[in-house]
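**Q** Below is a structure I'd like to ask you about.
The values are calculated or read from the model by the stated rules, or taken from the named source; none is laboratory data. Nothing here was measured: the structure is a model prediction, and the numbers come from that model. Backbone-built Cβ (ideal geometry, glycine too); neighbour counts: all protein chains shown. Just the protein is used for accessible areas: all its heavy atoms, side chains included, with ligands, DNA and RNA removed. Shrake-Rupley method; radii C 1.70, N 1.55, O 1.52, S 1.80 Å.
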Amino acid sequence: MAASREMKRPTKESRLRKEDWVRAAYSTLSDSGWKSLNVEALAKRLGVTKGSFYWHFKDRNDLLDEILLRWHDQLVITRAEANGGSPADKIRFMLDIVATSKRPGRGGSLELAMRIWARQDPKVATVVESVDQQRLSYTADLFQQAGFDPAEANARALLLFSYIFAQGLLSFAGNTAVMERLHTQCRALIEGH
């Protein structure tokens, strides 16, 4: 008769994925800045020990590299492409991202935190510059496909992202009607209606 083996019940630590650590890092970065990205604080935020962290990352720098890699893979562009449609549909989708967000302000906080971090770290500055160029190039191309000349397409791309960033940073708490009216007007201006 074979000896029975007791199945170990998975603990919270063993169920944590690398993605969980990265998400916690993004939240910490948004809330407290890049200097707060340390293993102890993240473990506490997740309610686990540091051992779980080292299962997924060699060290803090490995986590920071992962944050930069994932931030560089532009979610806004990926989401716009997945949403599909015409260039005008993709532009509208990007304009509506913050206005329809379940967590307004989170994206603006992350953008601001990344840019503050970039002022202190040349590696991060390179990533931020690359992301900015990628976003503007993609969006200017959409505007050109929608019929705007290159100079105007570039200007509209800059306005679009300036608007997205401003939406994420400005507070309209309790002023939903004002926010909706301003969003409709700004969207029409940027789209060229």
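**Q** Arg60 versus (1) under 30 Å from Gly147 (Cβ atoms); (2) modelled with pLDDT of 90 or more; (3) open to solvent by 20 Å² or more (accessible area, probe 1.4 Å): which is the lone unmet condition?
**A** Of everything listed in (1) under 30 Å from Gly147 (Cβ atoms); (2) modelled with pLDDT of 90 or more; (3) open to solvent by 20 Å² or more (accessible area, probe 1.4 Å), Arg60 misses just condition (1).
**Q** Please find, within the stretch 122-151, the residue that is nearest to the chain's Cα centre (by Cα) out of those that are open to solvent by 50 Å² or more (accessible area, probe 1.4 Å) and of a type in the set (D, E, K, R).
**A** That would be Glu129.
**Q** Please give the number of the condition Asn154 fails out of (1) modelled with pLDDT of 95 or more; (2) open to solvent by less than 50 Å² (accessible area, probe 1.4 Å).
**A** All conditions pass for Asn154, except number (2).
**Q** Follow-up question, since we're still on this one. In the stretch 81-93, which residue that is within 24 Å of Ser109 (Cα to Cα) and touching a residue at least 24 places away in the same chain (Cβ under 8 Å) is most open to solvent (accessible area, probe 1.4 Å)?
**A** Arg92
**Q** Please go through the stretch 143-182 and pick out each residue that is farther than 21 Å from Ile77 by Cβ, touching a residue at least 40 places away in the same chain (Cβ under 8 Å) and part of a helix (DSSP H, G or I).
**A** Once the filter is applied, which keeps residues that are farther than 21 Å from Ile77 by Cβ, touching a residue at least 40 places away in the same chain (Cβ under 8 Å) and part of a helix (DSSP H, G or I), the stretch 143-182 yields Met179, Glu180.
**Q** At pLDDT 85 or above and part of a helix (DSSP H, G or I): is that true of Leu136 in this structure?
**A** In short, yes.
**Q** Among the numbered criteria (1) at pLDDT 80 or above; (2) over 22 Å from Leu29 (Cβ atoms); (3) of a type in the set (A, V, I, L, M), which single criterion is violated by Met179?
**A** (1)
**Q** A further question on this structure: Residue by residue through the stretch 18-40, note down the ones that are open to solvent by 40 Å² or more (accessible area, probe 1.4 Å) and either closer than 16 Å to Ala113 by Cβ or free of Cβ contacts under 8 Å to residues at least 24 places away in the same chain (or both).
**A** Glu19, Arg23, Tyr26, Asp31, Ser32, Trp34, Lys35, Asn38, Glu40
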